[in-house]
Each structure stands twice: as structure tokens, then as C-alpha cells.
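Engineer: Starting off with a structure, shown below.
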Amino acid sequence: DSGVTQTPKHLITATGQRVTLRCSPRSGDLSVYWYQQSLDQGLQFLIQYYNGEERAKGNILERFSAQQFPDLHSELNLSSLELGDSALYFCASSVRAGEATDTQYFGPGTRLTVL
Amino acid sequence: DQQVKQNSPSLSVQEGRISILNCDYTNSMFDYFLWYKKYPAEGPTFLISISSIKDKNEDGRFTVFLNKSAKHLSLHIVPSQPGDSAVYFCAASGGYSSASKIIFGSGTRLSIRP
């Protein structure tokens, strides 16, 4: 158990819909990262928040957005969903702002299926 | 454009033998490399890392080797144990403040057979 929690575990929805994925980081971790893993692909970095502020952006679509709240939990919002958005979405957390040597601890992921 | 490549989708090794997982990268700016291990229905777990100033890092049964000239790294597990059966992801980042830009490979599924 990494200490990072993600809800829900599974989500099935239809094209065009909007969903929200939630992540609670490990106690004491200030950074939250979101990743997408499509079928047989590596993890694609989407976005990072540090202490409530956006820190870095990766290949995140404009239809996707995220935020980190004062209690440090984070939400990833996916809208106008398409079939290709079906994937595993992982959240990770780390203590600091994102130095390369800062170990990222991953949650169990949310499996999103868009029908 | 895959900057981190794991060309073997799967690998089967007998218990007790050495497992060698390979990874190639294309970006010469990468200076920090990591291996993550992933069990089904769980998130990836950090395993071992290496800085580009080193060519080897060892942690118990796990050793990572880095060949900068060949842009190649490998993970050696010896001896292999049944609990090592998992998907292994190679990852790389460039620059001290670039943890956010960790680039992952597509993974190698390691199966340890009795």
C-alpha cells in the first residue's frame, strides 16, 4: 500500500460525458501527478500540482483539467469524453516540488471505460 | 516518438536464474533513470534508480547498469524469485528539476517459472 488513494476504481460512461477522478496523496506529500496509461502503452504524464499550484504540464488535452485543493487532494476532470480516452489513470505523489530524485508513489489507478 | 523504448514486451525466466530487462533511450539530455515494478490492479512501485554520473547501482538482488554511449540501460535481477513476476517500466528524466517530465517505456512483463 503506497498510501495514495484513488476513487473510483472503475468508471464506465458514455461518449460526450464528463467525469471526475479523485486522488488523495500520501500524508505529508505536497506534489500530485496525473498519468494516463492506454492499452499496452507506457504511462503518459499529464499534469503536476505542487501545494495547490500547477507546476508542470505534459500531454494533457484541453478537454482535461485538474486542480489541487487546500487539503492537497486532487481531482482530474475529463469532459466531452471520446472512446480513445478509455485508459488507466494513475495519480502519484511526492514530498517535494518535483526533483528527479524525489520518489513518486503511485495510487492503484482508476480504470475509465468510455462506451 | 518513443524516447524510452522497451523492445521486449515479455520475458520468461526460470526461478533462481538471472533476469535481464533492457531499455533504450534516444534523448541525450536524460540524466536520471528509474525502474518501476507493477503488479496487476496496483500502481507502479519505485524499484531502483541511477544517475547519469554512475554506470552501476545495486540494491540487494537488483542492479541497474547504464551505458551512456549506447544510450542503454538494463536491470538485472539475481536470483529471480516468483514474486518478481510483474511488469517492469523503465523511465527517464532530463535535468534535476524535471521529475515532472518522467518519460516511461511501455513495459516488459516478466514471468518467473518454477
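The values are calculated or read from the model by the stated rules, or taken from the named source; none is laboratory data. Worth saying up front: this structure is predicted, and the values here are computed from it rather than measured. Neighbour counts run over all protein chains shown; Cβ positions are idealised from the backbone, glycine included.
Engineer: Being farther than 26 Å from B:Gln3 by Cα and out of contact with any Lys or Arg (no Cβ under 9 Å at 6 or more places or on another chain) is the requirement here; does A:Gly52 meet it?
Structural biologist: The answer is yes for A:Gly52.
Engineer: Could you list, in sequence order, the residues of segment A:27-47 that are hydrophobic (A, V, I, L, M, F, W, C) and at the interface with another protein chain (Cβ under 7 Å from one of its Cβ atoms)?
Structural biologist: Matches in segment A:27-47: A:Leu43, A:Phe45.
Engineer: Mind listing just one residue for me: the one in segment B:1-58 that is crowded, with 19+ Cβ neighbours inside 10 Å and in a loop (DSSP other than H, G, I, E, B) and, of those, nearest to the other protein chains (Cβ to nearest Cβ)?
Structural biologist: Ranking the candidates gives B:Gly43 first.
Engineer: For segment B:85-98, indicate whether the set of residues that are under 26 Å from A:Thr5 (Cα atoms) and more than 14 Å from chain A (Cβ to nearest Cβ) is non-empty.
Structural biologist: Scanning segment B:85-98 turns up at least one residue that is under 26 Å from A:Thr5 (Cα atoms) and more than 14 Å from chain A (Cβ to nearest Cβ).
Engineer: For segment B:90-99, state whether one or more residues are buried (at least 21 other Cβ atoms within 10 Å of the Cβ) and at pLDDT 95 or above.
Structural biologist: yes
Engineer: I would also like to ask the following. With respect to the numbered conditions (1) within 9 Å of chain B (Cβ to nearest Cβ); (2) under 25 Å from B:Met29 (Cα atoms); (3) of a type outside the set (A, V, I, L, M, F, W, C), which one is the sole condition not fulfilled by A:Gly109?
Structural biologist: Only one criterion is unmet by A:Gly109, namely (2).
Engineer: Please note which strands (runs of 3 or more DSSP E) are completely contained in chain A and include at least 2 residues that are surrounded by 22 or more Cβ atoms within 10 Å (Cβ to Cβ) and without any contact (Cβ under 8 Å) to a residue 60 or more places away in the chain.
Structural biologist: Passing ranges, in order: A:31-37, A:44-50, A:64-68, A:74-78.
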